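Q: Handing you this structure, nothing more for now.
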Amino acid sequence: MTHIVDRRLNGKNKSAVNRERFLRRYRHHIKKAVSDAVQRRSITDVEGGESVSIPTRDLDEPIFHHGQGGKREMVHPGNKEFVAGDELPKPPGGGGGGQGDGKASPDGEGMDEFAFQITQDEFLEFLFDDLELPNLARKKLRDTESFKYVRSGFSTQGVPAKLDVVRSLRGAHARRLSLGGARKRRIRELEEQLAALKSAPADLDPAFSHKDQIEVLEAEIAKLKSNLKRIPYIDEIDLRYRQHLKQPQPATSAVMFCLMDVSGSMTQMHKDIAKRFFILLYLFLKKNYKRIDVVFIRHHTSAKEVDEEEFFYSRETGGTIVSSALKLMDKIVRARYSPAEWNIYAAQASDGDNWNDDSPVCSKILSEQILPLVQYYSYVEITPQDHQMLWYEYEKVMAENPSSFAMQQIADPSEIYPVFRQLFERRAA
């Protein structure tokens, strides 16, 4: 069988198109490789690319080949020993001349893999595939950067790309009817007169003979038809261009509150898991949403709004009063983020340890003050042990607000990404 390999250089942008097609075709394998990579590497290093391997059996493509049986005549180059009719001796068993290393799969199957590298942007795209902020609505119209072009009729001037051929031809047809209608009617009248004149007996008047009248009518008819032909099929005044106006669209304005417990009960391992969770959340927001604010709140016995650097790297610690963070969030929302204009989200990470008297206060603040204002609130408890009082109070809140409140437990760093997907997985409308 003949195999043809196209070794011509790719044209401009052709390689990018082929790569995009390849990524779409093997999306399932790449997503699995990305998920495995998140489990292996640190979340803080998640922005890098990744090497992806695809088994060769999944790259096989159907080919045409000769079936079993039948008679064929072939010419093999370099034959000096055999002629037509000779029988070929069967090679002895085990006499294969392969150059393998002798290491075969015990079950008779092997796997050769095709490996390639995906970029940082492609890695993040597959990492956050099928994830979104729940209940996201378009609320804010001012300071928008999103526009939509809407049709606003036709114009006599424009670029060729916006030329409306049908509308232009329709106008040209109307113009030809209006300019040529009277001439066509006059031509029909003269042709009727000419036909009647030709069928009439010859006129004996020598001053203006029958033949002369016919010539005059034919000349006038020819003149009118010549004028009709000079009417252009389509003229510049017939051209019509589609006209569009740019209208502003409501922008998706959202704010994410990140609440992290940094009290003394949070061990270094707990804090590290919480930071990794929020780093993953921060990358998700920055990758998928251009217009979004992120508010960082750290708390122990008191809560404080901090910047990104202090949120992830400050070593401040203390006791535990979770309600202080919820009260500060409620204060910031009412001061800067009107629910009528903003989609409000919150993610809270804690080890569940809290003053027993404060846990019912947290439940009350959530139910009565915060959840009526937010689109979605997620709580992550970072502990391998049994749940504490705060978890059970939050369970009551989730039972009353299943669509806007979700909670999960993380006991090990390997659970960060699966829990993150559960909290922000795209849901059916």
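Bear in mind these aren't lab numbers, they're just calculated from the coordinates by the rules spelled out. Owing to the predicted nature of the structure, the values given are computational and were not obtained by experimental measurement. Here the Cβ positions follow ideal geometry from the backbone for every residue, glycine too, while neighbour counts run over all protein chains shown.
Q: Grab the Cα-Cα distance for Val166 and Glu400, subtract it from 0.36 nm times how many residues apart they are, and report the gain in nm with one decimal.
A: Gain on stretching Val166 to Glu400: 78.4 nm.
Q: Continuing with the same structure: Would you mind getting me the FRET efficiency between Lys184 and Phe64? Use the beta-carbon distance for r and R0 = 51 Å, nearest 0.05.
A: Efficiency computed from Cβ-Cβ geometry: 0.20.
Q: A follow-up question, please. With Cβ to Cβ distances under 11 Å as the rule, what net charge do the other residues near Val306 carry (K, R +1; D, E -1)?
A: -4
Q: Here is a further query. Want the number for Glu316 to Asp86: 0.36 nm per residue separation, take away the alpha-carbon distance, what's left?
A: In short, 73.8 nm is gained.
Q: Whole angstrom only: what separates the Cα centroid of the range 336-414 from the Cα centroid of the range 229-283?
A: 27
Q: Additional query: Return the FRET efficiency for the residue pair Val159, Glu368: r is the Cβ-Cβ distance, R0 is 60 Å, and the value is rounded to the nearest 0.05.
A: Efficiency for this residue pair is about 0.55.
Q: Related question: Label Ala222 and Glu20 with points 7 Å out from Cα along Cα→Cβ: what is the distance between them in nm?
A: Distance between label points: 6.3 nm.
Q: Suppose the chain between His29 and Ile237 were pulled fully straight at 0.36 nm per residue; how much longer would it get relative to their current alpha carbon spacing?
A: Gain on stretching His29 to Ile237: 69.1 nm.
Q: So what's the net charge close to Glu220: Lys and Arg +1, Asp and Glu -1, counting the other residues with Cβ under 12 Å from its Cβ?
A: Result for the neighbourhood of Glu220: 0.
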